[in-house]
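Participant: The structure that follows is given in the form of structure tokens.
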Amino acid sequence: MVKNYFQVIISVVFSFTTFNSFGQNNEAIGQARYHFKYLLNYQPDSTDINSVTSEEFMLQSSTHISKFQSINGYKRDSILTKISFPDPQRMGSLPKSRFREVILKDYKNGKITYRERILSDHFEYEEPLGVFNWAIGQEKQTINGYPCQKATTTYAGRTYEAWFTQEIPNTDGPYKFNGLPGLIVKIYDTKKHYVYELTEVKQIPPTDITKEKEPHITTGKKEFYKVKNEFYDNPIAKIEQMGGSITFDDPNQIKMMQDKLKKRNNPIELVIE
Amino acid sequence: MSRQVLCWLFAIVSFPALAQTVISGKITDEEGGALLGASVVINHKGTDHIIAYRISDSEGNYKISFSSNETELDIQVRSLGFKTVTKTILNASLNLDFKLESDTTLLKEISVKALSSIKKEGDTLRYQVEDFAKTQDRSIADALQRMPGIEVLTNGQVLYQGKPINKYYIEGLDLLGGKYNLANENLPHREVSEIQVLENHQPIQILDSLVFSDQAALNIKLKNNSTFTGRAEVGSGASPLLWDVNISPMLFTKKRQALVSYQTNNSGANVASQVKTLTIENLREQQENSSEPIDWLGISQLSTPQFPEKRWLENNIHLLSGNHLQQLKNKYELRINTSYLNDHQRQEGFTSTLFFTPTDTVALLEEQNNQLNFNRLETSLTLQKNTNETYLKNSLKFEGAWDSQIGSLRADESLVTQDLANRHYRLFNTLNTVFFLGNQLLTLYSYVGSSKSPQALRINPGPFEDLLNNGIPYDKVAQGLTLETIHLNNSVSFTKALKGFSFSPELGLRSERQQLTTQITLDENQTLPNGFANDLDWASTQLYADVKSQFKRKQWRIELKSPVRFHRYRIEDTTLQEREAIDRLTVEPHLSVGFEASPFWRLTTSAGLRNRFGAINQMYYGYILRNYRDIQRINAPLPQLADRTFSGGISYRNPLKSIFWNVIYNYTYSENNLLYQTQLLTNGATELQAIEQPNNRINSPVNTRLSKYFGELDTNVTLSASFGLQEFQQILNDQTTTIENQNWRVWGKIETDFTDWFNTEYRADGTFASNQIQNQTNSTIVQQSHSLNLNFYPKEGHYFALQTEYIQNTLFSQNTENFFADVIYRLTLEKKNIDLELQWNNIFDSRNYRTTNINSFSYVETHFLLRPSQVLMKVKVSL
């Protein structure tokens, strides 16, 4: 009988997350008046153009702070905050996302805080806001109803073309991108492996931008990606490390799972400095 | 800081020959408060060509350095929620402050909907299959993989937006439950017109608006009114002649769906596990409703080895299962699931047993040859209505077992034949419904069941002649037994959550009535008198109220359970004039506390009280001959145990260093009102009786585990150790004895991925068991095993594995060794959807396995005859 290994993993991981993900403690760090929704089309396997898939993200922005997170991650957090003690069985029905990161941009202190959970561990690292060296071009086009202007930059091994609009005088953008005199409407790397596009601008009643209070493991950027890569290289070892155990009827399944993960060979940050 | 430098550099590079202009200032709102994040842009005059720009800092300050040969420039200041200011200035360094007026103009709202071969209506997305499927695609799973937002994992699990779907419907019907892979991989995509994704699908409709679901369900719309498809797997091998067959055809129509599966093999694969479903509901039934049949009587069996069944199970199994779903009027659905299993198993081997008594050692050698026949029928009829107003699920289920076992046993030159007929019938009904009472949603659960287990054991020649036949040897004995049970369990529950707290009360009534009749007949017709027969009437009722409360704050998580139960027992054997009546109220608080000291350290502890009562097979007043050398009566009060439990654990995880360590300690102190007395007879037969004498048992295991991952070597190392100590009292040949058992286990594993196409896994396991009776220590038993697996993936679609295992047991007479090796080769022809597999198991034809079991007063050494070396070739295709 073929074992449902993914569920095994999920249940193992779950048993570790129960302790700290129920009834998340969040604190408000700002108030958003607009929701900016971005659609990301990305190619997780750099060798397979057919692997292109998409995910929706949300940027919540106030004057001094902003938060960028996948919509599913956002929904998951809002549900977890509301329910103090969810039924463990129902945990499985919470939204999941391939993008677990939360990116906080703190304009007051000039830093980006990147947070991501790997299995049950919450990590965070910081990076200065001003890492982007934008060159503003003269090209213009209207994207999704907003007049935009082109700017280019390089970051973490990719060259990006960005289209920003001064109609939304907000120096923010998707992912870590920021620092243009207007909101980024569309940004993509020259290979078009990662394409973020603004799909929704919506005024909302003032809503808290929240940050998890849970203690995070603060680390350097390089160390974080080392841990993350180790997980992708050998997830089973990593899960067993955490004290879980997985048994397979067929070692071939481990290989299939590793192959599956190896198809995610195209992270947005190719070079970590 | 660095951005400043970069902008500056940018300005320099763009206009290298020109003089530098620096414009700086402060941006404030109407009240003079500093404005952070405003953009200040220098444009060519009258255009929107940006020369330079800056974003104001937390004090509202900006400073722009640039070079330009123009005499006049435009400076523009923008901030969200404020009016844009544009000024024309001279190209000269200056200080320029801005006070911005607030602006109520809103941003232009947009909402872009992409994607087109996909239509969206409300929460339903529709994908047209023809637009996505490609020529090489065969099954619906292949086509699904190409649909945006949908992902199919290698094991067949379907994800939508990265999370698993919660239902897989075909034409709106859920025939297969969680086993949808069977349909997904075998249903050709050309039979399907449309895939519907039902977002935020709450399978229980009455909860739809109340309990949020973020999972999606998939619905397959078929082109035709009926579709027939399926899958087949055929394997054959030697020696002896082996087969392994699995044929699963299926039929889908709009109102009716069916899936049939026939599986048979004699290669040691126990396919019986496939028809077992272990959902939470079923587990609850097993725990609370004593649904598992009790094996009162048995033939003498060999203890089975602790390694995979494929090495030792001599089987001949046939499994037929049928599933049928029909849609009825008024949104009712009727589902029938039936399975029939026939298995013939053989066991061969011998056991050598040493009984230690305070005065003597008794040795016994038994050669055994057993034939086990299993006939099992399970059928269930489920009626479900799932609408916005009602959730109702009622299952009526029948289970029947007609098992027979024949054992021939040679001990001390005499042959004992044993013949067991073991039947069990159970009919039960489970009702689950969710409804409103005012604003509160209540869950009602009801179980009603009845079962009957007639069992008969015949032994030739008759044992226990002193007890049963005044010391005169006799030919045959027959033990007959019938247990009839009626069981009810009804409960109502709900959950209420307040901030940080949650309460889940449950109220219920459980009631059980059992009737046990047994008799012993010698030589066909001589029925023994009263002391050897039971006519036991057993009634138990429990009224329970359970409140579970949970509390969570900061790093603390506290859970308190405090069930209050009223127990009523009425036990009576009118013939033997024995009776017992108990009315007792128990309170069983259990507190558990978790504390997260840091992201690395975590502490947990729990403590509680628990009461346990005996079951009908733990007290009966007349003798029952359980097997050829075990006759028992437990003429004693109802066993009542009071447990005090404590546990504590510490864990350390450092994911940055890839180190994990934990230690868990458990302690259970049980007070028992009964002490068991085992009489050892000179022929090795035992007689168990229980007498009323308070005694206690201490059980305290401790486990620890350490693991480290070496990223550079792609190697994971795990070490673990456990120690268990048990202390209890027992009466052995009229003397009260304290018995102490000790177990050690040390276990380790190393896994290394050498390359993409080659990885290895090595495991080592050692156990040490010893016991002490009245301060006299008996010899220690050591068992160790080592296994090494090598997996190769030379090319896409090819898989080759070599699996080896070495087992060594230190027995009380000598050491034994076993070495096993298997090879597997698999070829996957993905385009044709065919798998070819070749297996050669037990290459070295290791046939004899010897193992030892230690229990409170004996060592048992078992010799088990294993399966011979065998080669099996399998082909898997779609019908």
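No lab work stands behind these numbers, since they all come straight from the coordinates. It should be emphasised that the depicted structure is a prediction, and the values quoted were computed from it without experimental measurement. Cβ: placed from backbone, ideal geometry, glycine included. Neighbour counts: every protein chain shown.
Participant: Using the structure shown, select from A:LYS211/B:LYS554; A:LYS105/B:LYS87; A:LYS202/B:LYS554; A:LYS105/B:LYS26; B:LYS167/B:LYS254; A:LYS202/A:LYS228 the pairs with a Cα to Cα distance greater than 24 angstrom. Write down the numbers at each step before the final one.
Facilitator: Values: A:LYS211/B:LYS554 14 Å; A:LYS105/B:LYS87 30 Å; A:LYS202/B:LYS554 34 Å; A:LYS105/B:LYS26 22 Å; B:LYS167/B:LYS254 17 Å; A:LYS202/A:LYS228 34 Å.
Among A:LYS211/B:LYS554; A:LYS105/B:LYS87; A:LYS202/B:LYS554; A:LYS105/B:LYS26; B:LYS167/B:LYS254; A:LYS202/A:LYS228, the Cα-Cα distance tops 24 Å for A:LYS105/B:LYS87; A:LYS202/B:LYS554; A:LYS202/A:LYS228.
Participant: For peptide A:28-35, how many partner chain Cβ atoms fall within 10 Å of a residue's Cβ, on average?
Facilitator: 1
Participant: So how long is each side of the stretch B:428-527 along the principal axes, counting just the alpha-carbon atoms, biggest first, in Å?
Facilitator: Extents along the principal axes: 75, 28, 16 Å.
Participant: Right, another one. Under the definition of partner shielding as Cβ atoms of other protein chains within 10 Å of a residue Cβ, what is the mean value for peptide A:163-172?
Facilitator: Shielding by partners across A:163-172 averages 5.
Participant: Taking every pair of Cα atoms in chain B, average 1/r, invert it to obtain the Kirkwood radius, and report Rg/Rh to two decimals.
Facilitator: 1.07
Participant: Here is a further query. Provide, as a two-decimal number, the C-alpha radius of gyration of the stretch B:369-512 over 2.2 N^0.38 Å, N being how many residues it has.
Facilitator: Values: Rg = 24.8 Å, N = 144, 2.2 N^0.38 = 14.5 Å.
Working it through for the stretch B:369-512, the quotient is 1.71.
Participant: Moving on. At each listed q (0.22, 0.23, 0.25 Å⁻¹), what is the log10 of I(q)/I(0) that the Debye formula gives for the stretch B:18-65 modelled as equal alpha-carbon point scatterers?
Facilitator: -0.78, -0.82, -0.90
Participant: In bins 5 Å wide, starting from 0, what share of all Cα pairs of the stretch B:521-635 does each bin hold, as a percent?
Facilitator: 2, 9, 14, 12, 11, 9, 9, 8, 7, 6, 5, 4, 2, 1, 1
Participant: How big is the stretch B:366-407 on each of its three principal axes, counting only the C-alpha atoms and giving the largest first in Å?
Facilitator: If we take the Cα atoms of the stretch B:366-407, the spans are 64, 15, 7 Å.
Participant: Set Lys and Arg Cβ to +1 and Asp and Glu Cβ to -1, take the dipole of chain B about its Cα centre, and tell me which of B:LEU790, B:LEU836, B:VAL41 lies farthest positive.
Facilitator: Going by the charge dipole, the pick is B:VAL41.
Participant: Separate question: Expressed as a fraction of 2.2 N^0.38 Å, the rule-of-thumb size for a compact globular protein of N residues, what is the C-alpha radius of gyration of the stretch B:529-594? Walk me through the numbers on the way to the answer.
Facilitator: Numbers: Rg = 20.2 Å, N = 66, 2.2 N^0.38 = 10.8 Å.
Its radius of gyration relative to the 2.2 N^0.38 Å reference: 1.86.
Participant: Can you give the mean number of other chain Cβ atoms that lie within 10 Å of the Cβ atoms in peptide B:577-583? Kindly include the intermediate steps, with their values, before the conclusion.
Facilitator: Working: counts 0, 0, 0, 0, 0, 0, 0.
What the average comes to for B:577-583 is 0.
Participant: Could you pull out every residue, at least 5 positions away or on a different chain, whose amide H is within less than 5 Å of the one on B:PHE98? Hs are placed 1.01 Å off N in the peptide plane, and Pro or chain starts have none.
Facilitator: B:LYS26, B:ILE27, B:THR28
Participant: With a 10 Å radius around each residue's Cβ, average the other Cβ atoms per peptide and rank B:28-35, B:867-874, A:31-38, highest first. Numbers along the way, then the final one.
Facilitator: Details: B:28-35: 13.4, B:867-874: 18.0, A:31-38: 20.2.
Taking the mean over residues of other Cβ atoms within 10 Å, the ranking is A:31-38, B:867-874, B:28-35.
Participant: Taking R0 as 51 Å, what FRET efficiency do you get between B:GLN371 and B:ARG256 from their Cβ-Cβ distance, rounded to the nearest 0.05?
Facilitator: Numbers: r = 42 Å, r/R0 = 0.81.
Rounded to the nearest 0.05, the efficiency is 0.75.
Participant: Past 21 Å, Cα to Cα: identify those pairs from A:LYS192/B:LYS831; A:LYS140/B:LYS63; A:LYS140/B:LYS45; A:LYS75/A:LYS222; B:LYS397/B:LYS561; A:LYS213/B:LYS561, in the order given. Walk me through the numbers before you get to the answer.
Facilitator: Working: A:LYS192/B:LYS831 30 Å; A:LYS140/B:LYS63 26 Å; A:LYS140/B:LYS45 18 Å; A:LYS75/A:LYS222 29 Å; B:LYS397/B:LYS561 33 Å; A:LYS213/B:LYS561 28 Å.
Among A:LYS192/B:LYS831; A:LYS140/B:LYS63; A:LYS140/B:LYS45; A:LYS75/A:LYS222; B:LYS397/B:LYS561; A:LYS213/B:LYS561, the Cα-Cα distance tops 21 Å for A:LYS192/B:LYS831; A:LYS140/B:LYS63; A:LYS75/A:LYS222; B:LYS397/B:LYS561; A:LYS213/B:LYS561.
Participant: Each residue of the stretch B:313-325 in order: what ³J(HN,Hα) in whole Hz does its phi give by Karplus 6.51 cos²θ - 1.76 cosθ + 1.60, θ = phi - 60°, with x for Gly and Pro?
Facilitator: With the stated coefficients, the stretch B:313-325 comes to 7, 8, 10, 8, 10, 10, 10, 10, 10, x, 10, 9, 10 Hz.
Participant: Okay, moving on. Ratio of the stretch B:755-815's C-alpha Rg to 2.2 N^0.38 Å, to two decimals? Don't skip to the answer; put the middle values down first.
Facilitator: On the way: Rg = 19.1 Å, N = 61, 2.2 N^0.38 = 10.5 Å.
Expressed relative to 2.2 N^0.38 Å, the Cα Rg reads 1.82.
Participant: OK, next. Kindly provide the pair-distance distribution of the stretch B:602-652 built from C-alpha pairs, with 5 Å bins from 0 and whole-percent values in order of increasing distance.
Facilitator: Reading the bins upward from 0: 5, 15, 15, 12, 11, 10, 9, 8, 7, 5, 2, 0.
Participant: Continuing with this model, one more query. Find which of B:ILE750, B:VAL702, B:GLN384 sits farthest along the positive direction of the dipole of chain B, computed with +1 on the beta-carbon of Lys and Arg, -1 on that of Asp and Glu, about the Cα centre.
Facilitator: It is B:GLN384.
Participant: Then there's this: In whole Hz, with x marking every Gly and Pro, tabulate ³J(HN,Hα) for the stretch B:793-810 from phi via Karplus 6.51 cos²θ - 1.76 cosθ + 1.60, θ = phi - 60°.
Facilitator: 10, x, 8, 3, x, 10, 9, 9, 9, 10, 10, 10, 8, 10, 10, 10, 10, 9
Participant: Let me ask another. Just from its helices, what would the mean residue ellipticity at 222 nm be for chain B, if runs of 4 or more DSSP H residues each count -39500 (n - 2.57) and the sum is divided by every residue, rounded to the nearest 500 deg cm²/dmol?
Facilitator: Values: 6 runs with 39 residues, N = 879.
Value at 222 nm, helices only, nearest 500: -1000 deg cm²/dmol.
Participant: Would you calculate the volume per residue, in Å³, of the smallest convex hull containing every Cα atom of the stretch B:403-443? Provide the component values of the computation, followed by the final result.
Facilitator: Details: hull volume 3.6 nm³, N = 41.
Looking at the stretch B:403-443, the number lands at 88 Å³ per residue.
Participant: Give or take rounding to whole Å, what are the principal axis extents of the alpha carbon atoms in the stretch B:410-480, in descending order?
Facilitator: Cα extents, longest axis first: 75, 22, 19 Å.
Participant: The stretch B:567-689: D in µm²/s via Stokes-Einstein (Kirkwood Rh, Cα pairs, 20 °C, 1.002 mPa s)?
Facilitator: On the way: Rh = 18.6 Å.
Once the numbers are plugged in, D ends up at 115 µm²/s.
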